[in-house]
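Taking it in order: structure first as structure tokens, then the write-up.
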Amino acid sequence: MSPVRVAVPRKGRPLEAVLERFARGAPPEVADRIDDVISTLRYEKAVTKGSSDADSPVYERLAQYSDAADPHRPEFTLLRDARDGMPRRVVFDALTVPLDDTAVQLVGREEPFRALRKHEFALGFDSADLVLEEVVELRGDPLRSLTEVNERIDPRDTDVRLVDGLGDTVHHTLLATPDVVDSAPIDRSFVAGYEGPLCISPRYERLVEAVLGTDALDGVEFVYTEGGREEEAVIADAGLGVYLTVTGSTARDHGLHVGEELFPSETVMLANEREVDEDADAVLEALFAAPALAD
């Protein structure tokens with residue numbers, strides 16, 4: 001039986017969340033292989049960012065990591081970084097792991113969600129942010145949770161649906177300076193009565209419109225966190241903004257108050273309903289015995 005192919009990110013926090021999920025309850029040798037993948041990618045990220053020195057040229061490292069003749073070994077590849085002056089980066093390519101009685105091949109993709117939209121895979125993992133940025137309907141009322149996402153996907157637009165999240169949650173959070181909010185709660189109701197600049201990341205415009213609701217944005221002007229400055233510093237200049245936060249400590253260092261957590265930025269499992277077969281169903285059952293978000 002051929003393994004069930006599942007699209008996953010090539011690097012970063014979402015990929016780690018997926019790998020850790022498949023390591024949970026896996027045989028020790030499988031968990032060790034997954035740990036090796038995570039350690040390798042963290043090392044390569046440090047090399048790319050200049051915080052660690054490489055111990056050999058990149059093609060030699062790639063040959064050491066991958067062995068196409070061994071189906072149990074992970075495979076890696078090189079990704080060209082689009083940023084000026086950045087080197088090629090070693091990223092995840094593929095790994096086959098057992099899941100109950102099913103073999104699952106995790107396949108690296110730059111955009112897993114878009115691969116599912118094109119019917120290249122039945123199953124995949126990606127950030128919930130991308131789903132909001134690409135396919136959810138914008139409405140006057142806000143989108144507040146992952147459980148509401150599927151009802152805002154137009155079935156004429158895509159066959160992909162959100163199955164469940166992996167819990168690696170950080171939040172898109174309202175941040176504001178004291179002079180803008182005074183003593184008011186920093187929440188969606190405050191934004192609804194606010195007129196002025198709202199600082200966001202340029203890639204999150206539709207996401208912010210979805211989670212705040214378009215009615216709340218009357219009189220609001222988006223400004224963007226660009227130019228190489230810390231996002232919190234740009235938000236402090238604007239007075240009000242939306243940014244991903246974990247503890248909020250960096251925001252407070254810039255004199256910002258941390259307000260309402262608007263929406264979770266979480267790695268989610270996605271399924272293309274037209275492509276799911278019996279084998280893919282077995283993977284869904286093994287990962288999410290009772291899928292919380294399935295239709």
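FYI, it's all coordinate maths here, none of it is from the lab. Computed from a predicted structure; not experimentally measured. Virtual Cβ from ideal backbone geometry, glycine too; neighbours counted across all protein chains shown.
Structure notes:
- Sequentially through region 56-65, phi angles give Karplus couplings (6.51, -1.76, 1.60; θ = phi - 60°) of 6, x, 4, 6, 5, 4, 4, 5, 5, 6 Hz, Gly and Pro residues having no value and appearing as x.
- Couplings 3J(HN,Hα) for region 120-131, derived from phi with the Karplus relation 6.51 cos²θ - 1.76 cosθ + 1.60 (θ = phi - 60°), are 7, 9, 8, 10, x, 10, 7, 6, 4, 4, 5, 4 Hz, where x marks Gly and Pro.
- In the elastic network of the chain, a GNM with C-alpha springs shorter than 10 Å, the most mobile of ALA238, ALA46, ALA31 is ALA46.
- Taking the helices alone, the chain has a mean residue ellipticity at 222 nm of -9000 deg cm²/dmol, built from -39,500 (n - 2.57) per DSSP H run of at least 4 residues and averaged over all its residues.
- Under the shape rule built on the C-alpha gyration tensor, where the axes satisfy a ≥ b ≥ c, the chain is oblate, since a/c reaches at least 1.5 while a/b does not exceed b/c.
- Counting beta carbons within 10 Å around each of LYS45, LYS11, LYS118 and listing the fewest first gives the order LYS118, LYS45, LYS11.
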